[in-house]
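Structure first, then comments.
The values are calculated or read from the model by the stated rules, or taken from the named source; none is laboratory data. What you see is a predicted model, and the numbers here were worked out from it, not measured in a lab. Cβ placement follows ideal geometry from the backbone for every residue including glycine, while neighbour counts extend to all protein chains displayed.
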């Protein structure tokens, strides 16, 4: 038998799609993935845990009990969506640019912006004391 004849299907049933295989489009979750509540926007971070519900740091979302609820709005565990492990704000390809600001998290950037704004206001107010 030639190589071409071996690759050829032997019956029309061999051409039919199989139903036992699952599509590979499902996203896999890791233990470091963060989950966001669709109701209130609370983000469960496994590195921080949930001190309000006595969940210790390092507990992945999949290990939370089925009765666990959002500490902010008490939504069920099923109301959370996986938002991945990305902690830095912005696009991955832009992380190497800037003065180190592109590698900061969203919270760090907010602290930097509002801290600088607060210092600017204090400086402006201190100019009134020069009289």
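Numbers at a glance
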item: Count of segment 71-93 residues which are outside any strand (DSSP E or B) and either surrounded by 11 or more Cβ atoms within 10 Å (Cβ to Cβ) or modelled with pLDDT of 75 or more (or both); result: 13
item: Among residues of segment 30-56, those that are surrounded by fewer than 14 Cβ atoms within 10 Å (Cβ to Cβ) and assigned to a strand (DSSP E or B), counted; result: 1
item: Contacts under 8 angstrom Cβ, first residue in segment 113-124 being more than 20 Å from residue 101 (Cα to Cα), partner in a helix (DSSP H, G or I), 6 or more apart; result: none
